[in-house]
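Worksheet: one structure, shown below.
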Amino acid sequence: MSEKVLMKGNEAIAEAALRAGCLHYFGYPITPQTELTAYMAKRLPKTEGGVFLQAESEISAINMVYGVASTGKRVMTSSSSPGVSLKQEGISYLAGSDLPAVIVNVQRGGPGLGGIQPSQSDYFQATKGGGHGDYHLIVLTPSSVQEMADLTSLAFDLADKYRTPAMLLADGTMGQMMEPVELPEPHTSAVDKPWAVTGTQMKRKHNIINSLYLSPEVLEKTNFERYERYAAIERDEVRYESYMMDDAEYCIVAFGIAARVAKNAITAMRKEGMKVGLLRPITVWPFPKDAVHEAAQKVKGFVSVELSMGQMIEDVRLAENCLRPVVLCNRAGGMIPGVDQIVEVTKALMTSVEGGAR
Amino acid sequence: MKRVTLFCGHYGSGKTNIAVNYALALRERGLDVALADLDIVNPYFRSKDSTPELERAGVKVISLPFANSSVDLPALPSQAYSLVQDRSRYAVLDIGGDDRGAYALGRFVPYLLEEDDFEMLYVVNFYRPLTTTVQEALDVMHEIEGACGLSFTGIVNNSNLGAETTAQTVLATSGKAQELCRATGLPLFATTAEKSVAQEGMVPIALQKRPFEA
């Protein structure tokens, strides 16, 4: 680890990408992720062999990502919600061609143009597809500027390891806030990419990067093979933080900025003698199903805290399998749930579960 | 002391905090002060966030018509001209980050040069990734000067690591600050530090509150 610097979340992603050997970035500025694009614009032209290109649109940026990823080089694009919607076709093509790449979404309120304040309302889009066809992205959700850097590094490594696009799902607060960061040491891919289009030197059969299979039997086979890789990811790459869960009677599930507010709410509730803990998914795909399922065996109920109209709550319910009540504590449109709101919703859940004992 | 004080620097260097503190300090001396938020780059953390505190203290606040409205429009307030044209009052200008932000200053330059009673201060945080070395800090300085057409007159060393800042954090950068002063021939206007960690020789500053932080 190197010396600490003070960074905005957006800058931390950019610098971590550079240190992960990502020398190709294509993007289009949009608030609240623009500092990432601006940082790459400043730094990449000064690197050996690096390319920064402000594309004419998000659609062209994601297709430039497809091109570079085909050659086996590490590559990234970033945007905020409306721009990530534009990228969905390209993301599906990346998945269909088994190309590793990193896509950053610094979410803002929606739908439509929405606003520029933070949101988590692209959870469905990130975890359930977004583009067409059977595919998943590995989706990582940072909760600090340090994690913006660390999870960017990890996203590149996982993308290469499993030949899949990976997404960093952040939000406007994570992108804009400044915190001290220890930047990851420079490293490059540990994975060979014999599939990459790098020129045959007349020594091997040429590689083809493609997502078009007109034979349904062959297309089916690629889907089944891809889902074997997804099964391995679900088995080996689930990440979450368990906070004060040892004696917890109620469990808050929250990621990103919502998890930070939830921790403050837990501190407040613990002072009042309420045993509340937090499960913080760090990967939302794969979702930490087992951790939620295990928690359901011992807690009396769940609170899903989200900056959306309630999206992750569906995964919480699937994982706890109707064992316990799950309630939503949310704000939308760029608003952030406060400590008071989380305490109030948790207390209301306690009352309904314990019959007004409190 | 000059009538007009401009704070420029790399974005995230702490210009806004310094400008707010400086305006309040002038007010404490009983001076008539206006502060202008001319940041056309960053729609989030702004001088305008401190408007209630500034106005309570009697500082006049001039900000962009769309500041904090979530409308991401780089439009300058017409009242900003009063800062350069009305010479009866002290003026503090918070300029947006980097050369991009400094373009906003261009239209006021003829007035500033004609009056010739301004200080243009370069705020630097050596813990910011694009200004960690003296050379990088110099590069940003020159980009800003090129964009606005004015030359800096002093340097404010605002090196910090946010909530993890100690006096030692600040002291560790004094060599770089001195080197930057030597390289530019400019005086060190101040070394600033958050008031709970500030030591002798540092100007203590209060931080703006951000609603989502613990």
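The values are calculated or read from the model by the stated rules, or taken from the named source; none is laboratory data. These numbers come from a predicted model, not from an experiment. So basically every Cβ, Gly included, is an ideal-geometry build from the backbone, and we count neighbours across all protein chains shown. Each accessible area value is taken on the protein alone, full model and side chains, heavy atoms only, with ligands, DNA and RNA left out. Shrake-Rupley method; radii C 1.70, N 1.55, O 1.52, S 1.80 Å.
Using a Debye calculation, one point per C-alpha and no hydration shell, please list log10 I(q)/I(0) for segment A:1-113 at q = 0.11, 0.16, 0.19, 0.24 Å⁻¹ in order.
So the normalised log intensities are -0.33, -0.68, -0.95, -1.41.
Given a 1.4 Å probe, how much area per residue of segment A:4-236 is accessible, in Å²?
With all protein chains present, segment A:4-236 gives 39 Å² per residue.
Report the relative contact order of segment A:150-277, percent, no decimals, based on alpha-carbon pairs under 8 angstrom and at least 6 residues apart.
Averaging sequence separation for qualifying contacts and normalising by length gives 21 percent for segment A:150-277.
Using r as the Cβ-Cβ distance of residue A:211 and residue B:163, and R0 as 41 Å, what FRET efficiency do you calculate, to the nearest 0.05?
With R0 = 41 Å, the Cβ-Cβ based efficiency is 0.30.
Cα centroid distance between segment B:151-181 and segment A:30-79, in Å?
Taking the Cα centre of each part, segment B:151-181 and segment A:30-79 sit 32 Å apart.
Which value at 222 nm does chain A reach when only helices count, each DSSP H run of 4 or more adding -39,500 (n - 2.57), with the total divided by all residues and rounded to the nearest 500 deg cm²/dmol?
-13000 deg cm²/dmol
Mind running the shape call on segment A:240-354? Use the C-alpha gyration tensor, a ≥ b ≥ c as the square roots of the eigenvalues: rounded below 1.5 for a/c, prolate if a/b tops b/c, oblate otherwise.
rounded
Within segment B:115-214, which trypsin sites (Lys or Arg not before Pro) sit in a loop by DSSP and count at most 14 neighbouring Cβ atoms inside 10 Å?
Filter output for segment B:115-214: B:195, B:209.
So which GluC sites (Glu not before Pro) in segment A:10-61 pass both tests, a DSSP loop state and at most 14 other Cβ atoms within 10 Å of the Cβ?
Those that pass, being in a loop and sparsely packed, are A:48, A:56.
Helix A:34-43 against the longest principal axis of chain A: what's the angle in degrees, Cα atoms only, rounded to the nearest 10?
Helix A:34-43 sits roughly 40 degrees off the main axis of chain A.
Please give me the summed charge of the neighbours of residue A:84: other residues whose Cβ is under 15 Å from its Cβ, Lys and Arg +1, Asp and Glu -1.
Combined, the nearby Lys, Arg, Asp and Glu give -1.
What is the distance, in nm, between label points placed 7 Å from the Cα along the Cα-to-Cβ direction at residue B:174 and at residue B:107?
That separation, rounded to one decimal, is 4.3 nm.
Can you give me the long-range amide H partners of residue B:63? Hydrogens built in the peptide plane at 1.01 Å from N, cutoff under 5 Å, separation of 5 or more residues or another chain.
Excluding prolines and chain starts, which carry no amide H, the hits are B:37.
Give the interface area between chains B and A as buried accessible surface, both sides summed, probe 1.4 Å, in Å² to the nearest 100.
2100 Å²
Suppose the chain between residue A:264 and residue A:348 were pulled fully straight at 0.36 nm per residue; how much longer would it get relative to their current alpha carbon spacing?
28.4 nm
Would you pull out the residues with amide H under 5 Å of residue B:5's amide H, same chain only if 5 or more places away, H placed 1.01 Å from N?
B:91, B:92, B:93, B:119
Does any residue of segment B:109-130 lose at least 10 Å² of accessible area with all protein chains in place compared with its chain alone, and if so which ones (probe 1.4 Å)?
Buried on complex formation: B:127, B:128, B:129, B:130.
Express the carbon and sulfur contribution to the solvent-accessible surface of chain A as a percent, rounded to the nearest whole number, probe 1.4 angstrom.
54 percent
Could you work out the local net charge near residue A:187, counting Lys and Arg as +1, Asp and Glu as -1, over the other residues with Cβ closer than 13 Å to its Cβ?
Local net charge: -2.
If I model a spin label as a point 7 Å beyond the Cα along the Cα-Cβ vector, how far apart are those points for residue A:224 and residue A:3 in nm?
In this crude label model, residue A:224 to residue A:3 measures out at 5.8 nm.
Just grab the label-to-label distance for residue A:340 and residue B:151, each label 7 Å out from Cα along the Cβ direction, in nm (one decimal).
Once both label points are built, they end up 5.5 nm from each other.
Can you list the residues of segment B:131-180 whose accessible area drops by at least 30 Å² going from the chain on its own to the full set of protein chains, with a 1.4 Å probe?
Residues losing area: B:161, B:164.
Taking all protein chains in place and a 1.4 Å probe, what share, in percent, of the accessible surface of segment B:5-123 do carbon and sulfur account for?
Using a 1.4 Å probe with all protein chains present, segment B:5-123 comes out at 47 percent carbon and sulfur.
With every protein chain kept in place and ligands, DNA and RNA left out, what is the accessible area per residue of segment A:249-356? Probe 1.4 Å, answer in Å².
With the other protein chains kept in place, segment A:249-356 gives 38 Å² per residue.
With contacts defined as alpha carbon pairs under 8 Å and 6 or more residues apart, what's the relative contact order of chain A in percent?
18 percent
Set the Förster distance to 60 Å, then compute FRET efficiency between residue B:182 and residue A:247 from the Cβ-Cβ distance, nearest 0.05.
0.50
What translational diffusion coefficient, in µm²/s and rounded to a whole number, does the Stokes-Einstein relation yield for segment B:1-135 at 37 °C and a viscosity of 0.692 mPa s, taking the hydrodynamic radius as the Kirkwood radius over Cα pairs?
Estimated diffusion coefficient is 220 µm²/s.
Please give the net charge around residue B:180, taking every other residue with its beta carbon less than 13 angstrom from that of residue B:180, where Lys and Arg add +1 and Asp and Glu add -1.
Around residue B:180, the surrounding residues sum to -1.
With bins 10 Å wide starting at 0, give me the P(r) of the protein assembly as shown over every alpha carbon pair, in whole percents.
Per 10 Å bin, starting at 0, the Cα pair percentages come out as 3, 17, 25, 24, 18, 10, 4, 1, 0.
Give a quick list of trypsin sites (Lys or Arg not before Pro) in segment A:194-264 that DSSP marks as loop, anything other than H, G, I, E or B, with at most 10 other Cβ atoms within 10 Å.
Filter output for segment A:194-264: A:203, A:204, A:205.
What is segment A:240-354's relative contact order, in percent, from Cα pairs under 8 angstrom and six or more apart in sequence?
That works out to 29 percent.
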